[in-house]
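The values are calculated or read from the model by the stated rules, or taken from the named source; none is laboratory data. This one's a predicted model, so the numbers in the text were calculated from it and none came from an experiment. So basically every Cβ, Gly included, is an ideal-geometry build from the backbone, and we count neighbours across all protein chains shown.
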Amino acid sequence: MRLKSYLALLPLLALGACSSGNYQLFHPINAIATQEWHATIIDTVVMLVIILPVLLAIAIFGWRYRKSANAAYDPEWSHNTALELLVWGVPFVVVAGLGIYSVKTIYAIEPYKPGLLQKQVSADPQSVLNVDVINTDWQWVFVYPKQHVATIDELEVPKGSVVRLRLTSTCVSNDIYIPQLAPMIAVMPGMRTRDTFDAPVVGEYTGFGADFSGAGFSWMQFATHVVSQADFNAWVQKAASSPNQLSYAVFQKVAQPQVNVGAKVSYFSNPDPHLFDKVVAAARAGVVYPVSAKLTKSIGSNEK
Amino acid sequence: MANETAPTANTQLFRPGYHGHNQISARTLGFWLYMLSDALLFTALFASYAVLDTPMNAAGGPVASQIVNPIEGFWQTIAVLGSVTCYSLATVAMKNGKRGGTAVGIIAAIVLALVFLAFGVNDLATLAAHGDGMDRSGYLSAYFVLILTHAIHMGVGILWMLVMLVQIPLFGFNDMVVARMLNLRMFWQFQATIWVCLYVYVYMIGA
Amino acid sequence: MQLQVPGPWSPLLGRLTLNAIPYENPILQVTFAVVALIGLVIVGLVLYHKKVGYLWREWLTTVDHKKIGVMYIIIGLVMLFRGFADGLLIRTQQVLANGPHAAGMLGAKHGFLPPFHFDQVYSAHGTIMILFAATPILTGFQNIVVPLQIGARDMAFPYMNAVSLWLTTAAAVLVMISLFVGDFSQAGWVGLIPLTELPYSPGVGVDYWMWAIQISSVGTTLNAINMIVTIVDMRAPGMSWFRMPVFSWTTLSTNIIGLTAFPVLGVALALLGADRYLGTHFFTAGMGGNLMLYTNLFWIWGHPEVYFLILPTFGVISEVIPAFSEKPIFGYVTMVAATFAIAGISWLVWLHHFFTMGAGPDINGFFSVATMLVGIPTGVKVFNWMFTLYRGRITYSVPMLWAMFGLFLLLVGGLTGMMLAIPAINYTVHDSVFVIAHFHCMVLMVVCAGFAGVTYWFPKLFGFKLDEGWGKAFFWTFAIGTVTVFSAMFALGFEGETRRLDWTFNTAWKPMLVVEEVGMVLYVISLVFFATMLVVSIRNRHKQRLAADPWGTSRTLEWLTPTPVPFYNYAVTPQVNTRDELAWRRKYGLENTKPDVYEDIHMPRNSGLPVILGALAGVWGFAMIWRIWWLAAISLVGIVLVVIIRSFDKNAGYHLQPAEVEAMERDLAIGAIMAEQSDRAHHHTHAEAH
């Protein structure tokens, strides 16, 4: 009886899961996110094939063998070799199957060299867009080495490209994440990581930092636009015409701890061509951008 | 239910006169378990040292081959093994019931341990004086902390020996004193073992 | 060598100044007022009833494993309440601070907590719940139940047991002090690196977090040694390994984990401490540090720690389900094997906490498969519990309800855990609230087992049952609250909400955030029911006369002792003839057979040193946090002196005479004395021992 009552609450989950388009992960845009979403579905279905019968059996046993039902009672039964082999065997088979599947999908989407995108990359190397991403306290700096432009808190990519992000941080660690597009990958000071995704559909998305990085962390969104090639070119022109140039000295000012309320976008022309490497080298040499105790305490209130 | 049989006339339900466990053997087992946890502590430190023992982690500062001195380390090894030997001789004297001999052995062990520590402290102090202290680089941090952690363990051992030097004349060789002496012997040998690992890994392979 | 810290420092008070007291914060003012009031009432009651001596003699200086266990559980419940209050603040902040137009108050731009405060709250919530609520509660059960269950009179090292308790207490007190003096860490319960380094966390918050955990983990390590030796050395005659109750097995395995994992945590925190205090470069990004070294070390402890919590939980469920199904556990041997399989695998999976680190596919693949392997023995356990129900005679008493709900949470947690084990899925939900919902399913299973255990073993210790009606009301509100909060949280994970946000920027999250808040209200109501249950039960305690086994269907040895358990546990050591000894005796009508003769019992004497040692450790921690070097030095010397003084104590203990034992057993049988009145016997025998 009681068991059934909370089983009855399960639909709450389903109710949550079935409603509208707010469920971003249910609506993958590109090949990477689609693969991730398929993995989610396959894993859930396989696991439910085991878990639902178990839940059902627990509910049935729990109901049928309640004391007041006076059902069959066997106070000694506690061992059955065949059953015990089965209870080890079934999870083993499931884990073996899911394990193989898991390893396969890792190679398909791994952020350095996703198997899913290799065909496109080798067929059309021109479609690869390299972007250097530098995480600061608490903004995202995107540097387009080939286009010679840079932005704060805006990632613009042309439709049909494969975007390869090089990631590092000036200060603490974070994760970069664009639901529906780019998998979460750690961004760490003094280290380089990569994230790769494709952009098959025009659209607007919100990316953000996912791993806590201090007081301004909640304000670390950045706009992500997938646009047509023409629009992208126009956008590069616009950014390139910015009077602000991102030399290393200017970057050091950008990297000072600050909250970009409302994730306002800034553009820079002529970024230092070695900016990414300089940032990595500086972090390794012990350069830090300290957050003062005063700043930590007053953040949020003085931003009004 | 496994092995279930019906009670018979001989079935016992209680065990009067059961004395339970031996306190000394429980303490010995407990001490072994403590040493297991201590071994894990050193494992984590050795692992950290191994991770940070690269030219990159030296951050422009000295690397292992530039700072370790296997010759000096050799004398330290001799001192520490000598200390263990002296302490073991002390426990032999204890077995023969000789308080004086035990005390002499312990004092010799303490002196040799102090010699060992003097070498180590001098080594680290010299490095620090040349600007290569533990705040110089990731590698030096690992080097200093590994050696200092071992040195602190040695210090605790010396303190323990001093306590035993008071307890032996005070209590004689009673059960607890003997048990403490034997556990201390394990502890002391364990620290010597750690030092040998440290010497091989840091001083010999590093040089 | 002392590193320059920002802000003033004086030799006398270190970094401590009047500014450290957050007197301008209204939330903390109210909290302080409430805490002070409760404190005054407790102190007042103790003084009014002239119980200071009683408190000191019977509780603060006790070495009785049952009282120590009770105190562990009380600490755990108090901290559980504190942690819950933090959770309530987090949930309320997130629902109030939703979207760019959310109103702000009390100095916050949105909601009522500025980041400075919110970040401390969520860090404290995690740290407290895992290390100062779940761990003490489970340690408390192990302390209370294991010696009884294996037929022992006490733990192997009763004095060290008290030391463990008071170290844990000292650490919990430090965490509480951080509320009112200075602030707590803002870098998560895991100590996100390099956020915990001095440039990014210049205050004392990280130091509070670090030293509190360090002190309590020394206590936990000592307790692990104690538990292992107790189980290995002190089982009653006849109790071979495979006659040992499952809870004792899980205690053994969990403490092997504790013994081997906690030193690694100690090293991780000590090296972080070296970075913060001595200027070393272990985990800094620059100067040759390696920040992933910290993350690896932390999770090499952190993952086994998860199983350190889960295994005793499995143990409690494995005791409760057979007792209320009136059947032995199905597949006992595979159950034990599964326990050790889980313990073993727990060492091989730590990297799954950072699949997103950017490691290569081979490494992630290995840890993905290793993580899934945990599913095999865990699945075995679920199947075994399921078959235990089969052809049982099930009574849904409160402990059974908790155990069944725990099972449900385990299945949901297992389902989502298998999802997270696949890196392809993990990349989309790694730092999202989906993970939070997953591990809350698991830790709430720990909480469920905690309440199952509290209700199940309560009458054994105190001689009266907790009120069944209020217990059920508490259970149902709690269970429905749990389902509400965490199904909404799973949904939010799919909506892309990440963790630790003090401002939830996406307005699409609002509906589910509101659902979560509704669930929190249910939790609050359930707490009221919990309190009512305690009050009603204590008021009605004299209405019950309980037999040795108040449930009538319990199976293991601990229920053979009189209820409430006398301080010496067993008047005569029992001989164990089979697994599920009590069920076997009941089957053949032997459960009430008393020993023919009584004999004298040797008991350890109480000692004030452990509580003094705990207090010194607390002072030392406080001094280190505020960098008051003279005080740290004095308290450290004090700790060493206490240990040395103890080694000069001959520790003879005292003897209870057979006639006294017989009289007490007789009194217990007719309900003439309660457990706490045993001090009568104490004073009597103290005099005789000399």
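What the table below lists for this structure:
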quantity	calculated
Filter pass, C:GLU558 being outside any loop (DSSP other than H, G, I, E, B) and among the charged types (D, E, K, R)	yes
Within the range B:46-80, tally of residues that are over 19 Å from B:ASP123 (Cα atoms) and assigned to a helix (DSSP H, G or I)	6
Selection count where residues are closer than 23 Å to C:SER201 by Cα and assigned to a helix (DSSP H, G or I), scope the range C:620-642	9
Extreme residue, farthest from the other protein chains (Cβ to nearest Cβ), among residues of the range B:5-27 that are of a type in the set (A, V, I, L, M) and in a helix (DSSP H, G or I)	B:ILE24
Within the range C:1-50, tally of residues that are charged (D, E, K, R) and within 14 Å of chain A (Cβ to nearest Cβ)	2
Residue among C:PHE116, C:PHE132 that is part of a helix (DSSP H, G or I), of a type in the set (Phe, Trp, Tyr) and under 12 Å from the mean Cα position of the chain (by Cα)	C:PHE132
Which numbered condition C:ILE394 misses (of (1) more than 26 Å from the chain's Cα centre (by Cα); (2) facing chain A (nearest Cβ under 7 Å); (3) closer than 29 Å to C:GLY188 by Cβ)	(3)
Checking B:ASP38 against (1) within 11 Å of chain C (Cβ to nearest Cβ); (2) more than 23 Å from C:ASP275 (Cβ to Cβ); (3) surrounded by fewer than 21 Cβ atoms within 10 Å (Cβ to Cβ), the condition it does not meet	(2)
Top-ranked residue of the range A:121-135 - restricted to ones that are modelled with pLDDT under 95 and either in contact with a strand residue (DSSP E or B) (Cβ under 6 Å, 6 or more places away or on another chain) or in a loop (DSSP other than H, G, I, E, B) (or both), ranked as surrounded by the fewest Cβ atoms within 10 Å (Cβ to Cβ)	A:ASP124
Sole residue being assigned to a helix (DSSP H, G or I), within 11 Å of chain B (Cβ to nearest Cβ) and either touching a residue at least 12 places away in the same chain (Cβ under 8 Å) or within 23 Å of the chain's Cα centre (by Cα) (or both), chosen from C:ILE300, C:ILE310	C:ILE300
Residues of the range B:152-207 satisfying the condition of being within 10 Å of the chain's Cα centre (by Cα), surrounded by 17 or more Cβ atoms within 10 Å (Cβ to Cβ) and of a type in the set (Gly, Ala, Ser)	B:GLY157, B:ALA192
Any pair with Cβ under 7 angstrom, 6 or more apart, that starts in the range C:58-79 at a residue that is without any contact (Cβ under 8 Å) to a residue 24 or more places away in the chain and ends at one that is crowded, with 19+ Cβ neighbours inside 10 Å	C:TRP59/C:LYS67; C:TRP59/C:MET71
Output for the range C:496-505, where each listed residue is farther than 13 Å from C:HIS110 by Cβ and in contact with a strand residue (DSSP E or B) (Cβ under 9 Å, 6 or more places away or on another chain)	C:GLY496, C:GLU497, C:THR498, C:ARG499
Hey, C:GLU58 of a type in the set (Asp, Glu) and assigned to a loop (DSSP other than H, G, I, E, B) or not	no
Subset of the range C:418-447 (residues that are within 22 Å of the chain's Cα centre (by Cα) and not β-branched (Val, Ile, Thr))	C:ALA437, C:HIS438, C:PHE439, C:HIS440, C:CYS441, C:MET442, C:LEU444, C:MET445
Total residues in the range B:91-116, condition in contact (Cβ under 8 Å) with a residue 40 or more places away in the chain and either surrounded by fewer than 21 Cβ atoms within 10 Å (Cβ to Cβ) or over 17 Å from the mean Cα position of the chain (by Cα) (or both)	9
Residue ID - surrounded by the fewest Cβ atoms within 10 Å (Cβ to Cβ), chosen from residues in the range C:643-662 that are in a helix (DSSP H, G or I) and within 13 Å of chain B (Cβ to nearest Cβ)	C:ILE645
Looking only at the range A:91-100, and only at residues there that are in contact with a helix residue (DSSP H, G or I) (Cβ under 8 Å, 6 or more places away or on another chain) and surrounded by fewer than 17 Cβ atoms within 10 Å (Cβ to Cβ), the one that is farthest from C:ILE376 (Cα to Cα)	A:GLY97
Per-region count, the range C:226-250, residues over 13 Å from C:ARG579 (Cα atoms) and touching a Leu at 6+ places or on another chain (Cβ under 8 Å)	7
Condition check for C:LEU582: buried (at least 20 other Cβ atoms within 10 Å of the Cβ), in contact with a Phe, Trp or Tyr (Cβ under 7 Å, 6 or more places away or on another chain), more than 30 Å from C:PRO6 (Cα to Cα) and not aromatic (Phe, Trp, Tyr)	yes
Every residue from the range C:215-247 that is surrounded by fewer than 23 Cβ atoms within 10 Å (Cβ to Cβ) and among the polar types (S, T, N, Q)	C:SER240
Close pairs from the range C:498-520: first of a type in the set (A, V, I, L, M), partner part of a loop (DSSP other than H, G, I, E, B), Cβ under 6 Å, at least 6 apart	C:ALA508/A:ASN22
Which listed residue is touching a residue at least 40 places away in the same chain (Cβ under 8 Å) and within 22 Å of C:THR168 (Cα to Cα), from C:VAL121, C:VAL95, C:VAL146	C:VAL146
Test: residue in the range C:243-264 that is more than 24 Å from the chain's Cα centre (by Cα) and assigned to a helix (DSSP H, G or I)	yes
Identity of the residue in the range A:208-230, surrounded by fewer than 22 Cβ atoms within 10 Å (Cβ to Cβ) and in contact (Cβ under 8 Å) with a residue 60 or more places away in the chain, that ends up nearest to the other protein chains (Cβ to nearest Cβ)	A:GLN221
Restricting the range B:1-53 to residues that are of a type in the set (Gly, Ala, Ser) and at pLDDT below 95, the residue that is nearest to C:MET603 (Cα to Cα)	B:GLY20
Of all residues making up the range C:276-297, the number that are surrounded by 24 or more Cβ atoms within 10 Å (Cβ to Cβ) and at the interface with chain B (Cβ under 9 Å from one of its Cβ atoms)	10
